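These notes are about the structure you will find just below.
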Amino acid sequence: MAATRKNRDLTQGPVFGHMMRMVIPMSFGIVAMMLVGIVDAYWVGRLGTVEQAAVQFVFPMTMAVMSIAIGLGAGAVSVVARAAGRGDGERTKRVATDAVVLALIVTAITSAIGIALVDPIFRLMGATDAMMPHVRDYMVIWFAGIIFMVGPMIASNILRALGDAILPSVIMIIAAVLNMILDPILIFGLGPIPAMEVQGAALATLIANLVVFIVAMAIMIFREKIIDLSWPGFSEMVWNWREVARIGAPAAGSNMINPIAMTLVFAAAARFGEPVVAGFGVAGRLEALALIPLFALSGSIGAITGQNGGAGREDRVREAFRSAFLFCAGWGAAMAVLLAVLAYPLAWLFLPSEEARAMARLTWWIAPVTMGGYGIAMAASAGFNGLGRPLLGVAINLMRGFGLLVPLVWLGSAAFGPAGMISGYALTNVIAGAVIAFLVLRYAPMSAVETKTRPVVPPTQAARAGAPVRPGE
């Protein structure tokens, strides 16, 4: 166990080694979660077109709520990793506990509001009379269970902030496997279990997340002993909540920038007809599979920059960014070659019309060459969140999404049609990747020190310890 704990100290040992030790298992976890969406869609699709449309219709709302959870997770990673990097065990326990409590309170409030407003929200979004009963069946259960969904996410982020590469991924995989097993049983019924149709799909997700919520909390309390159940005082708890929110709120907003920008990209594609939308959409979905290690990297780098920033190891923070950027470029190049080679068979396999297949092939021959630039933007944003500098992450995503992607795609499509649209997407990644890598490695601050006056610990904690309040976060 001692050796394991030492390996989880991200301020020691090879930075790239730590990075890969975290990226590889997290990639498997992300694959498992993606499979849940595919399996859900398959089983619900067997119920009928209206049921499938209803479940797909709720996707934007579920993504918006999950963005809140992602933001809270980013805040938890940042405060816990920086405290762990300073070697402050008591502070690490305190902020981890308060981050979990804040997440549970926020999700409980979100759950109550969501259940109360299901009908007006989805009517406003345009749900039809035929869809609404199924939307209601699904979303009432989904909202009721989000506390069990967010809890394991926060726990996984805290474990990752402490340098644990395996357990967070195991938690994700357990939830995914349970969900996939329960889906057909609860949707169609089995033995004494009645068929619950759309409600069954939502209930499968709730039960799977409840199980892993219990497992994750048990790990945090009994194995890691990272939960401090003592009362810290209201002022200290609120101070810690503000620290989590200071990172989490911008991170949640930043997480929504790319989906919104991509919605505008698809609006540009829609002007050329359904085959272009279908080809571009399918190409993007398969490209997302190739991006999984880069998504995993963005979910891991915050722990590394946070711990090393908290420890004052700016040289290792810089090395983490450099290694991440090189990995993004190398992986992107390899996947670009693979997708280009497989463009014909993949297009034939997934698309029915030749016009849509041609669009998909064109996308795979142009866009994936530049996917490393997108990875660099994701890694830079997440790395700055870990350092406690979320506004830099927001600036990066705003620059790529609305400063480059939307205008270049629309200008390219207006001037050169679908090929120009894809070229605008590719040019965005080239410019964003090059500019971000240059600015981050040349000019960006690598310290976890936000200002010279912001204290590293709450004044109440410093006073109890009889120590001066140190500048830091």
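Taking the conditions (1) open to solvent by less than 60 Å² (accessible area, probe 1.4 Å); (2) out of contact with any helix residue (DSSP H, G or I) (no Cβ under 8 Å at 6 or more places or on another chain) in turn, Asp129 satisfies each one other than (1).
Count of region 103-117 residues, restricted to those that are closer than 16 Å to Met139 by Cβ and open to solvent by 50 Å² or more (accessible area, probe 1.4 Å), is 5.
Within region 4-44, being of a type in the set (Gly, Ala, Ser) and assigned to a helix (DSSP H, G or I) holds for Gly17, Ser27, Gly29, Ala32, Gly37, Ala41. Note on region 289-373: enclosed helices (runs of 4 or more DSSP H) holding 2 or more residues that are more than 25 Å from Gly412 (Cα to Cα) and open to solvent by less than 30 Å² (accessible area, probe 1.4 Å) are 292-310, 314-341.
Sub-8 Å Cβ pairs linking a first residue in region 320-336 that is among the charged types (D, E, K, R) to a second residue that is part of a helix (DSSP H, G or I), at least 6 apart or interchain, are Arg322/Leu441, ordered by first then second residue. Scan region 264-288 residue by residue and report those that are open to solvent by 10 Å² or more (accessible area, probe 1.4 Å) and farther than 23 Å from Pro345 by Cβ. Those that are open to solvent by 10 Å² or more (accessible area, probe 1.4 Å) and farther than 23 Å from Pro345 by Cβ: Leu264, Phe266, Ala267, Ala270, Arg271, Phe272, Gly273. Only one of the numbered conditions (1) open to solvent by less than 10 Å² (accessible area, probe 1.4 Å); (2) closer than 15 Å to Ser254 by Cβ is not met by Gly420, and that is (2).
Conditions tested, residue by residue: (1) crowded, with 22+ Cβ neighbours inside 10 Å; (2) free of Cβ contacts under 8 Å to residues at least 60 places away in the same chain.
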residue: Ala81; (1), (2): yes, no
residue: Gly89; (1), (2): no, yes
residue: Val101; (1), (2): no, no
residue: Asp119; (1), (2): no, yes
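Within region 1-22, the set of residues being under 14 Å from Pro168 (Cα atoms) and either at pLDDT 95 or above or exposed (fewer than 15 other Cβ atoms within 10 Å of the Cβ) (or both) is empty.
The values are calculated or read from the model by the stated rules, or taken from the named source; none is laboratory data. Keep in mind that this is a model prediction, so the values were computed, not measured. Cβ atoms come from the backbone with ideal geometry, glycine included; neighbour counts cover every protein chain shown. All accessible areas refer to the heavy atoms of the entire protein, side chains included, with ligands and DNA or RNA removed. Shrake-Rupley method; radii C 1.70, N 1.55, O 1.52, S 1.80 Å.
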